[in-house]
Structure formats: C-alpha cells, structure tokens
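Below you'll find the structure, written out as structure tokens, and then a few comments.
Every number in this text was worked out from the coordinates using simple rules, so none of it is lab data. These numbers come from a predicted model, not from an experiment. Cβ placement follows ideal geometry from the backbone for every residue including glycine, while neighbour counts extend to all protein chains displayed.
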Amino acid sequence: RCLLKMVKGNIIVPEEILNFCCNGLQGSTSPPRAQEPGEREEAQGAMASPLPSRNPTEVQMSQLVLPCHTNHRNELSTGQLLKWIDTAACLSAERHAGCPCVTASMDDIYFEHTISVGQVVNIKAKVNRAFNSSMEVGIQVSYEDLCSGKHCSICKAYATFVAQGPSGSKVRLNPLTPQTEEEKIEYSIAAERRRMRLVHKDTLKDLLTHSPPDTELETRDGTGAVPAEKTRVESVELVLPPHANHQGNTFGGQIMAWMENVATIAASRLCHAHPTLRAIEMFHFRGPSQVGDRLVLKAIVNNAFKNSMEVGVSAEAYDQEMSVSRRHINSAFMTFEVLDQEGRPRMLPMVAPEPGDGERRYREASARKKIRLDRKYVVSCKRTEVPLSVPWDQSNKVYLSYNNVSALKTLIAKANWTLAREKEKVRMYTLEEDKFLSFRIEISVCITASRAFSLLSNLRRRHEWDSHYVSAELVQKVDDDDMIYHVVSRMLRHESKPQDFVILASRRKPCSRGDPYVVAFRSVTLPTHPARAEFTRGETVCSGFCIWPESEEMSKVAYYNQATPGYLNYVTTNVAGLSSDICATFEACEKFLLKNKEDLISRLQD
C-alpha cells in the first residue's frame, strides 16, 4: 500500500482503483467504493465522446511511416502499403462474414502519389456488397502530413474475399443492406465490377485476335534494345509463421509485397535506375500456400513503351519434399516509370523479347496497355472530363458497357430527388447537382417486371409509344446484353432538321433478389455511322429504364435522363408545367405495355 501511495504521488490514480488493488493484494473480495455524484460527473467528462454511427463493416487503419517501411528514396515501399491494404480489407470482410476470409483477387490499383517518412497513411475499408460466398471490399487510401495538416488521396482499390468455414469449405453470406447514398451507389455498381472481372481474360483474347500483327516487333533488328532475358529475376522465400495469417495460410499482403519486390528488381535491370510503381493490374489468387512452403517468385520485363514498362510477375509454391509439382499461387502485371529530378517520366530503352513466349508476352503487354487506357478513360474519369460520345470498338466494349450501366445505377441511387409534378398516376422528379439537371418519371403498371424489361429494352419498338422516335435501326448486336442502334428522332420546336443518335443499349437482369431490371442508354461513335448533313447529331450521356417488381403482376417502371444542353429546354418546359409532353409520352408507354401484355396472354391462350 505504501508503494501504491508513492506511485499515486507522481501519477494520477483514482482512489477506487487504489483501494481495489490494495484489497486484491490483501486477498479481500470486497467491492470498490461507490463513486460520489461529483466524482461520477468528473469521470464521465474525462471520457471521450462516443463515435458517430457508421457502417458496421467499416475498418479504419492509420499507420505512421517509419524508416523501416521505406525504400532508398525514404518513400513508403509499395509492398508495405499492399500489406496494410490487404490487412484492413480482410478485417472488414471478416466483420461481415463472422468467420475467416481469404483474398481471392485485388482489382487494378493506380498510385497517384508517393508517401514520405513521417507522414501518416490512412486506410478505410468496408464491404460494398456480399454475393453468395464472396464479397467486394472497397478500400480508400490517403496520406496525412502531420506538420502541414495536408491530406491527399493515394489510391482506391477493390478486393474480393471469400468466406471459409471448417476445412476450407465455402460459407454462404448474409446479404448486405446499404444505408447511405454512397453505400447504395457502391452496392449497385459492385455487380457491374464483378461482371467485368469475369470477362477480363476474354477481353484480352478478343483484342489480340482482332488486332493486326505488331509491325514494330517484326521490323526491329535488336539494335539498342535490351534483351528481355537480362531483366529476368527469380527469388525464393521460405514461408515462416510471421508471414502467415490467423488461419495458418500465407498472408496475401505478404505475397503481394514479395511480388512487388522482384518486379522492382526486374524493372531496375532494364533502366539501371530506381523505378517508381504506378499501376498494378489485377492480382488473382489461384490457390493457398502454408507455413513451410517455398515460394518461387519470378519477374521479367514484358515490354517497354516510351515512358513506362510492364513487368510480369508470378508466384509458385512447393513443399519441403516437393511431393507434388509447383502450384501456381498468383500472377500480376505491374507498370513502372523512371522519374528525373523534376519528377517527369524518363524515356526508357527498348526491349528485345525472346522468340516464342517472349514475343507472346510482348504483344499481350501492348494489348493490356490499350485496355488500361480504355479503362482509365472510360471507367475512371469523371463525367465532366470525357466527351458525351465515346468511340466504340471491340477492345473497349466491356468498359463502355460497364460505364453505361454504372452511370445509370449511380443516378438511380441519388438521394435528393424532388417531386416536381404529378399527373394522375405519373410522377415526375428532378435532381439538380453541379452542372446537371436530371429528371425521373415513374408509374406503376400491371405487368410483370420481366415482360416490361423485354419490351422496353427493344429500341426498334419504341416508336410505337414514343412520338419523338421516328426509327431505330439495329446496327450491331455486341452480345446478348449490349446492342448499338442508330436512332432518328423528329424535329423539335425551333430546329431546322431532325436529330439522329448512335446509342449503346445495355440490359441487365437482377443480380440477386431485390435488384431491379436495368436498361441503360448512352451515346457512342462508330466509324460506320458518322454525322450526316441531313441530321443534327444528338447525344445522351446517361438515360434509361429501371423496373422494380412490386408484386407478381405489378411493376414500377421509372425512366431516368440526365439532360444534355440540346435537350435542356425541352425538359425545363415540362418541369415548369408549360408542357405535358413527357407525362403524355409515359402514359403512352403504359398503354403500350398493357396492350402487349394482353397480346402475349392471347397468344398463349391460342
């Protein structure tokens, strides 16, 4: 007790803790003294105020960058950052699943800035959507300068995790209910990102099939080019307990860090300098490894462009006895740059690929670069940074379709819609944000959602109910879900000639229970259908239908449109009540749906 009193003289120790400790030392089981009212208020005032409510799956991580985390430039190692990202994402996934989770894949990551010693890395991860046994986790990474108070975004990533039960069996996940507008948007678009992941390999194969031969490769004589073989790196790592996660498997973030290390060495061998990692193409884990495994990491420069290079890297595992052949664990492609003293990318030497596999990797790297540019241009850019009509071709069809549907789903999930007009059963809402005015018009119709979806997704029948449409010609059937139409509309007031549009129509059936049917429209450009003198070329950036089943026979049909400048006057006239043209068109849409529902019933009865 005397010792504790001496401690109390230098450190503030509450009296009840002192009494409790002394009673415990004496073997007493008497409870601590009750607090007086004044003491209770003082203690409550000293406690931190409770945190505001947030997504239950959200995980926040803050890490101070120390010298042991950095590279030769005193900047945070990308491998270390990948470890932190994977850890935060896994903790978020396990909060939702309630059981162990493993990393299945990590989508493309673009690094916007580097992080220096002494700065703080802030990582926020939360589950965007849960599917059957997998879930998408969104991760946002930023840095904070403690001296200046500056905050800056580093990257945004999406990871897929799989929940695992006993003996590695898959676990069926509970659905996630989004609450905020941002969560609803991410939830809705997660289905589109999942669809894009599944067709990624097919996109690359399709591009290589339709691309002409690489004339640069065929005419290169090797003068001044660095043989790709000189950049090859192979390294082995022994998986020890510190490298394993809480399930005994090799930590996914550790594997990614090892892969980044050998890729950096390969890039350095080409440029004889210290490269900077700018982008990582999707990590895909094909199988687990355990403590005691040997991981063989291989890297080689596949292709060097003017200011950047692609390094291919893979990880294989084998056990001590090598009882089975090496198991392919992971592979990825990383893009590096070399910066000069002013921070500008330097020109890089050419690469001379090896015959056979080397030439294949060389061509595939060129195809992946085009895909990355398409993704960054079509998917990642903000609406104000791209033209309304984006050129369509075989290589970017997946990303244009993604952009088309995700833009409409984002508009649907917005929270600040205001009821502008109501005419009988038709309701018209508006949304004003930034430089855009959007409208939504909806009605409940006695028709199944699937039948309404089938009728409204066929633009060749739209003239039957929409008087603005003169004709719609199917130009190209991209696949079962995406079609391109050439649409001719009638002349609006104060115009000298009719408008025409080249429109990509993308259809999506519900991904899971509760999802709506979606038909999205956006303008594209086709070399086969340039602007013609007899028409005014019109454009639509985001429009389409969303159909929710209300019962077995009732559906809510809503049409969304983000008004473009050429269409704005027509929209505002209807919103202000000076015209009922839009409401009348939607009433005609209802009659069209009911008539064709009855036609279908008659045919079935016959």
Task: Built amide H within the under 5 Å cut-off of residue 437, gap 5+ - done: 563
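My understanding is that a pair violates if its Cα-Cα distance is over 26 Å; which of 425/477; 124/306; 156/414; 509/556; 201/370 do that in this structure?
Working: 425/477 35 Å; 124/306 35 Å; 156/414 21 Å; 509/556 15 Å; 201/370 14 Å.
The answer is 425/477; 124/306.
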TODO: Would you pull out the residues with amide H under 5 Å of residue 346's amide H, same chain only if 5 or more places away, H placed 1.01 Å from N?
DONE: 338, 339, 340
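What order, most packed first, do the peptides 234-243, 266-275 have when packing is the mean number of other Cβ atoms within 10 Å of each residue? If you can, show how the numbers build up before the last one.
Numbers: 234-243: 13.2, 266-275: 19.0.
Packing order, densest peptide first, comes out as 266-275, 234-243.
If contacts are Cα pairs under 8 angstrom and at least 6 residues apart, what is the relative contact order of the range 386-596 in percent? Display every interim value, and only then the final one.
On the way: 399 pairs, mean separation 53.1, N = 211.
Result for the range 386-596 is 25 percent.
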- [ ] Pop out the ³J(HN,Hα) list for the range 484-489 in order, Karplus 6.51 cos²θ - 1.76 cosθ + 1.60 with θ = phi - 60°, rounded to Hz; leave Gly and Pro as x.
- [x] 10, 10, 9, 10, 10, 10
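So, by mean Cβ neighbours within 10 angstrom, what's the order for 401-414, 426-439, 135-148 with the highest one leading?
On the way: 401-414: 22.4, 426-439: 16.3, 135-148: 18.5.
The densest-packed peptide leads the list: 401-414, 135-148, 426-439.
Could you sort 290-303, 249-262, 449-462 so that the peptide with the highest average Cβ count within 10 Å comes first and the rest follow in order? Kindly include the intermediate steps, with their values, before the conclusion.
Numbers: 290-303: 21.0, 249-262: 23.6, 449-462: 19.4.
Listed from highest to lowest mean packing, they are 249-262, 290-303, 449-462.
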Open item on the list: Can you compute 3J(HN,Hα) from phi for each residue in the range 464-472, using the Karplus curve 6.51 cos²θ - 1.76 cosθ + 1.60 with θ = phi - 60°, rounded to whole Hz and x for Gly and Pro?
Closed with: 5, 10, 9, 5, 6, 8, 8, 7, 9
Task: Residues of type aspartates and glutamates that residue 369 reaches as a straight line, Cα spacing below 17 Å, ignoring anything fewer than 8 places off in the same chain - done: 107, 108, 202, 206, 214, 216, 281, 310, 337, 359, 393
TODO: Starting at the first residue of the range 237-243, write each ³J(HN,Hα) from the Karplus equation 6.51 cos²θ - 1.76 cosθ + 1.60 with θ = phi - 60°, in whole Hz, x for Gly and Pro.
DONE: 10, 8, 7, 9, x, x, 8
